[in-house]
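Each remark here refers to the structure printed beneath this line.
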Amino acid sequence: MAIQKKHGKGRLDKWYKLAKEKGYRARAAFKLIQLNKKYGFLEKSKVVLDLCAAPGSWCQVAAETMPQNSIIIGVDLSPIKPIPKVITFQSDITTEKCRATIRGHLKTWKADCVLHDGAPNVGTAWVQDSFNQAELVLHSLKLATEFLVEGGNFITKVFRSKDYNPLLWVFKQLFNKVEATKPPSSRNVSAEIFVVCLGFKAPKRIDPRLLDPRSVFEDLADPTPNNEAKVYNPEIKKRRREGYEEGDYIQFKEIPASEFINTTDPIAILGQYNKLSFEQPKNGDVALSALDKLPETTDEIRNCCADLKVLGRKEFKLLLKWRMKVREIFGFPTKKSAAALAEEVAEVEPMDEELKAQEELQKLKDKENSKKKRERRRENEKKQKEIMRLQMHMTAPMDIGKEQEGPQGHGAMFHLKAIDKTPALSRLAKGKMAVVTEAENRDSGLGSSGETDDESDEDGDRLETELDNMYHQYQERKAEADAKYRAKKARMEHDDEEWGGVSADENEDSDDESDVFEEESVEGSDDEEMEDADKPLITDLDSTSTDANGLSKRAKRFFDQDIFKDIPGILDEPEEEEEEEVEEEAEVEAVAKETNHERSKKQKPTAEEKKKDAKKEKKAKKMEVVEEESDEGGDDVVVAKKDAMEVDSDEDWEEVDKKKNPKDGRPNIDIITAEAMTLAHQLARGEKTKYDLVDDGFNKRAFKDRDGVPDWFIDDESKHDRPHKPITKEAANAIKEKLRAYNARPIKKVAEARARKKFKQAQKLEKLKKKADMLAGEEGMSEKEKASSIAKIMSAAGRKSNKRAPIKVVKAAGLNRGLQGRPKGVKGRYKMVDPRMKKEMRALKRISKKKR
Ligand SMILES: C[S@@+](CC[C@H](N)C(=O)[O-])C[C@H]1O[C@@H](n2cnc3c(N)ncnc32)[C@H](O)[C@@H]1O
């Protein structure tokens with residue numbers, strides 16, 4: 001794991017920046033914000049005491065979050081700059097003076113919440129630092145016990161050290177609920193943790209030892225070493241990084257083996273001692289000598305007793321068995337102890353069993369839940385696919401949910417009666433189904449597609465979702481930097497809107513409704529829906545099974561697709577339409593030529609001609625060639641926009657109108673690539689027809705199954721996967737010419753500057769004219785005088801514009817000595833110079849004159 005820098009720029013993390021941005025005095029503010037978000041203690045408090053508050057970010061947060069007119073008191077060793085609505089003072093929280101000052105401020109009030117984020121001056125030895133901090137916590141707790149109201153809360157920072165557990169124990173004696181948490185804004189490398197103590201018990205008397213650092217940190221140190229662990233798991237050796245255990249400073253300890261036989265806690269002996277000795281003490285030990293002589297005390301046993309610290313589990317077992325045998329021989333009550341042991345085991349066993357059972361149960365529940373989730377997700381995906389198919393006219397709504405209870409069935413995807421009641425129906429018709437999917441995915445908490453039950457499937461989904469997210473982020477970053485990309489995106493969005501609007505009733509497109517839809521379709525208020533059983537189906541897309549041409553519904557739907565629209569003979573249209581089509585086709589070929597000619601004609605069209613014009617425009621629009629910029633290199637690739645051939649609905653025509661030139665009402669067709677120009681030439685000359693364009697549309701790249709393919713792949717592929725259209729020399733030259741003309745134009749800024757200059761000159765001229773007119777109309781002047789004064793102002797005007805006032809040299813002497821800024825009485829441009837410099841300049845001039 002990379003170690004985070006704790007100094008310099010390493011400190012300037014996102015919280016630091018965010019704190020700066022939000023105006024908090026320290027990044028610590030976010031720790032309190034996050035703690036409060038989790039436990040919500042500030043909103044409920046009217047009086048807060050912030051111990052160790054400098055520089056004051058916690059006070060700022062409290063002032064923001066607590067109700068109006070709350071009392072906030074902040075104290076610290078360091079001064080705290082004033083904060084509105086907060087009382088602050090400088091004091092040491094461990095002193096009596098601080099206590100008295102707080103009392104003075106609070107008067108008879110009690111605090112609802114005491115905050116403590118104290119950190120003593122760190123930098124000494126770690127153990128010393130952490131101890132000081134723990135001591136400071138205890139001091140703050142002492143103040144809290146004095147000033148907290150019953151049920152109040154105490155939030156404190158603690159360092160994870162060996163004093164942490166004793167502190168936690170003390171908190172638990174005084175508060176109903178104690179929780180330790182580390183907010184996200186607290187650095188991982190920091191040993192700090194925050195303890196939230198909720199519900200102060202407010203005992204009438206508190207044992208002073210509970211708040212005395214000496215007794216807390218000494219008395220509560222773990223007095224019983226875990227000998228069982230040492231004996232039953234001797235292979236796992238815990239390193240004592242802190243050195244010796246408290247009071248355990250002798251390294252080698254031995255005990256007579258008879259003690260081991262005698263004791264009721266053999267494990268403790270095996271865990272604590274190094275050797276079981278058979279050596280006779282000075283006074284002699286009968287039991288020991290008897291033990292020494294026993295045949296059960298084999299050499300192996302003796303070896304084991306010689307060094308307990310090197311024994312393994314097997315050897316310990318051997319010693320315990322030996323002890324049991326010896327106790328039997330000596331007539332000690334072994335059975336009882338065995339029973340006690342059995343009891344112990346019996347007590348423990350059921351606990352373990354119960355826990356095991358609970359664990360099993362939990363596992364089963366989890367499994368069940370994840371299975372349900374998976375099923376729900378699959379269901380949602382299925383529904384989504386059906387909707388997609390519906391949108392693409394690949395299926396009729398009645399197909400959906402067939403596998404359940406039919407279209408109107410209870411569990412069916414389209415519980416149509418319910419949808420009928422909501423505006424969701426129209427949204428459905430419009431095809432804006434993404435909302436549902438997202439919502440449902442969010443609901444299930446899972447990502448996108450997956451067909452199998454495997455866990456790996458979920459992983460794959462997650463990976464895919466992550467990849468998609470990363471790709472979107474990449475796109476956003478790119479968009480920020482790349483104007484071209486933005487333009488492309490905007491165009492794409494524009495296209496989407498067009499599509500969505502084909503049969504849209506925009507009034508029903510509000511966000512609220514989408515919410516309603518999400519709710520209703522996701523959760524499905526089944527009971528209510530049942531009441532509306534009599535209502536008709538939402539849409540009856542297929543009222544007849546076969547149409548007049550004898551085509552099946554399915555076939556008709558297939559040929560209903562837009563691409564077949566203009567192909568005669570597939571579906572029998574009414575004769576009138578057919579005639580019109582033929583007429584139109586003929587016109588399409590001629591229209592490109594005619595539009596150019598017509599532009600020059602300025603005759604007033606008759607009503608019939610107008611009608612014809614409109615039709616032609618429509619055709620011209622149908623042949624609109626749109627250019628799409630490819631991302632790389634900015635190459636313009638021209639594609640015949642297939643959709644343009646099928647524009648029919650009113651809305652689309654409105655869009656077309658927008659693209660028309662406001663001056664002459666004709667479409668704005670700007671051909672800027674050689675491919676487009678080639679195509680235009682071919683159309684204009686009649687070398688290509690509408691059919692050819694349609695035919696060109698059917699190529700190996702035209703129809704691709706992009707279902708489930710990630711966006712980034714489609715985007716990347718679309719850069720390269722385009723048909724290369726042929727270009728002619730003529731078209732290339734035409735485009736070159738066009739570009740040359742573009743380049744010959746002055747850039748906008750220059751043109752604007754020129755225009756401004758011209759405008760100013762015109763204004764000046766206007767003024768002069770007026771003056772000259774006035775002079776000419778002057779009655780008291782002779783003609784000669786008039787002429788001379790007019791000539792004067794004319795020449796003055798000419799002079800003014802050419803001349804720039806010379807820079808005035810001002811001596812920095814007298815009143816101007818040391819003056820900063822413009823000297824008095826000096827207008828226009830000036831330069832302050834040293835007095836000597838002015839003299840020297842004059843002298844130099846004189847000398848040069850003399851030389852001449
Ligand atoms: C991490 S800062 C507190 C930051 C504060 N919570 C904020 O949001 O701005 C720790 C503070 O504890 C203060 N402190 C340390 N020992 C103290 C003591 N005995 N009495 C009062 N303040 C103390 C230090 O002066 C320091 O300002």
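Of the residues making up the range 802-833, those that are loosely packed, with under 11 Cβ neighbours inside 10 Å and either within 14 Å of Leu768 (Cα to Cα) or among the hydroxyl-bearing types (Ser, Thr, Tyr) (or both) number 0. Would you confirm whether any residue within the range 271-285 is open to solvent by less than 40 Å² (accessible area, probe 1.4 Å), within 60 Å of the chain's Cα centre (by Cα) and without any contact (Cβ under 8 Å) to a residue 40 or more places away in the chain? Checking the range 271-285: at least one residue is open to solvent by less than 40 Å² (accessible area, probe 1.4 Å), within 60 Å of the chain's Cα centre (by Cα) and without any contact (Cβ under 8 Å) to a residue 40 or more places away in the chain.
Among residues that are at pLDDT below 85, within 32 Å of the chain's Cα centre (by Cα) and surrounded by 13 or more Cβ atoms within 10 Å (Cβ to Cβ), Ala191 is included.
Residues that are open to solvent by 50 Å² or more (accessible area, probe 1.4 Å) and under 18 Å from Asp468 (Cβ atoms) within the range 681-714 comprise Arg706, Asp707, Gly708, Asp711, Trp712, Phe713, listed in sequence order. Among the residues of the range 148-168, those that are within 24 Å of Leu106 (Cα to Cα) and surrounded by 22 or more Cβ atoms within 10 Å (Cβ to Cβ) comprise Leu148, Gly152, Asn153, Phe154, Ile155, Thr156, Lys157. Residues in the range 136-164 that are within 40 Å of the chain's Cα centre (by Cα) and within 15 Å of the ligand (Cβ to nearest atom): 12 in all. Of Ile33, Ile83, Ile102, all but one fail to be of a type in the set (A, V, I, L, M, F, W, C), within 12 Å of the ligand (Cβ to nearest atom), out of contact with any Lys or Arg (no Cβ under 8 Å at 6 or more places or on another chain) and part of a loop (DSSP other than H, G, I, E, B); the exception is Ile83. Provide a single number: the residues in the range 775-801 that are open to solvent by less than 90 Å² (accessible area, probe 1.4 Å) and among the basic types (Lys, Arg). Looking only at that region, the number is 1.
Within the range 721-759, the set of residues being closer than 30 Å to Ile793 by Cα and surrounded by 11 or more Cβ atoms within 10 Å (Cβ to Cβ) comprises Glu752, Ala753, Arg754.
Residues checked against (1) within 13 Å of the ligand (Cβ to nearest atom); (2) at pLDDT below 95; (3) part of a loop (DSSP other than H, G, I, E, B):
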| residue | (1), (2), (3) |
| --- | --- |
| Ala2 | no, yes, yes |
| Ala26 | yes, yes, yes |
| Asn69 | no, yes, yes |
| Val114 | yes, no, no |
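Condition test on Ala180, is it closer than 17 Å to Cys113 by Cα, small (Gly, Ala, Ser) and within 37 Å of the chain's Cα centre (by Cα)? So Ala180 fits the description; yes. If only residues of the range 293-328 that are of a type in the set (S, T, N, Q) and assigned to a loop (DSSP other than H, G, I, E, B) are counted, the one that is nearest to Ile261 (Cα to Cα) is Thr297. Taken residue by residue, the range 688-695 has at least one member that is at pLDDT 70 or above and touching a strand residue (DSSP E or B) at 6+ places or on another chain (Cβ under 7 Å).
Among the residues making up the range 169-180, those that are assigned to a helix (DSSP H, G or I) and open to solvent by 30 Å² or more (accessible area, probe 1.4 Å) are Trp169, Lys172, Gln173.
Can Val61 be described as within 13 Å of the ligand (Cβ to nearest atom), within 24 Å of Val196 (Cα to Cα) and not in a strand (DSSP E or B)? Against the criterion (within 13 Å of the ligand (Cβ to nearest atom), within 24 Å of Val196 (Cα to Cα) and not in a strand (DSSP E or B)), Val61 qualifies.
The values are calculated or read from the model by the stated rules, or taken from the named source; none is laboratory data. From a predicted model like this one, the values you see are computed outputs, not experimental measurements. Ideal geometry is used to build each Cβ from the backbone, glycine not excepted, and the neighbour counts take in all protein chains shown. Only protein heavy atoms, including side chains, enter the accessible area calculation; ligands, DNA and RNA are left aside. Shrake-Rupley method; radii C 1.70, N 1.55, O 1.52, S 1.80 Å.
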